[in-house]
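Every read-out reported here was derived from the displayed coordinates using simple, explicitly stated rules and does not represent laboratory data. Quantities reported herein were computed from a predicted structural model and do not represent experimental measurements. Quick reminder, even Gly has a Cβ in these numbers, built from the backbone with ideal geometry, and neighbours come from all protein chains shown.
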Amino acid sequence: IRDIVSIGDSGRCIKELRQILKIKDGRVYIVNERQRWTDIIERNSLFSIGNFIPYNFSNLTDVPIPSESIDLVVCYMG
């Protein structure tokens, strides 16, 4: 596993997943409606975990991530 997409949150479990799955490199995409200052607390990092992609979940369209390029998708939406 190398490339990860986290949908609906700030990437809160990405650091732990990388440790557990021994992922040293690869791309991370964070897909959510907007970035918030509370994301820092939620993901336990002052710095971004990956590339943020703003997405309107009310208007479903394709996400600008290349097809067949993701190994793991994490979705923490309610």
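Before moving on, here are some points about what is shown:
- Site-free segments of the chain were taken between chymotrypsin sites (Phe, Trp or Tyr not before Pro) in DSSP loops having at most 11 other Cβ atoms within 10 Å, sites themselves excluded; the longest one is 1-36.
- Charged-residue dipole, Cβ positions (Lys, Arg, Asp, Glu), the chain about Cα centre, Debye nearest 20: 300
- 5 angstrom amide H check on residue 52, placed H, neighbours 5+ away: 30
- Chain lengthening between residue 53 and residue 37 when straightened (0.36 nm per residue, less Cα-Cα): 4.2 nm
- Among the trypsin sites (Lys or Arg not before Pro) within segment 1-70, those in coil by DSSP and having at most 10 neighbouring Cβ atoms inside 10 Å are 22, 24, 34.
- Close amide H pairs (under 5 Å, H built 1.01 Å from N) link residue 74 with 5, 6, 7, residues at least 5 positions away or on another chain.
- Applied to segment 27-34, the Karplus parametrisation 6.51 cos²θ - 1.76 cosθ + 1.60 on θ = phi - 60° returns per-residue 3J(HN,Hα) values of 8, 10, 10, 10, 10, 7, 5, 7 Hz, with x for Gly and Pro.
- By the Cα gyration tensor, the chain has an equivalent ellipsoid whose semi-axes, rounded to whole angstrom, run 19, 17, 10 from largest to smallest.
- Ranking 69, 49, 8 by how far each Cα lies toward the positive end of the dipole of the chain (charges on Cβ) leaves 49 at the top.
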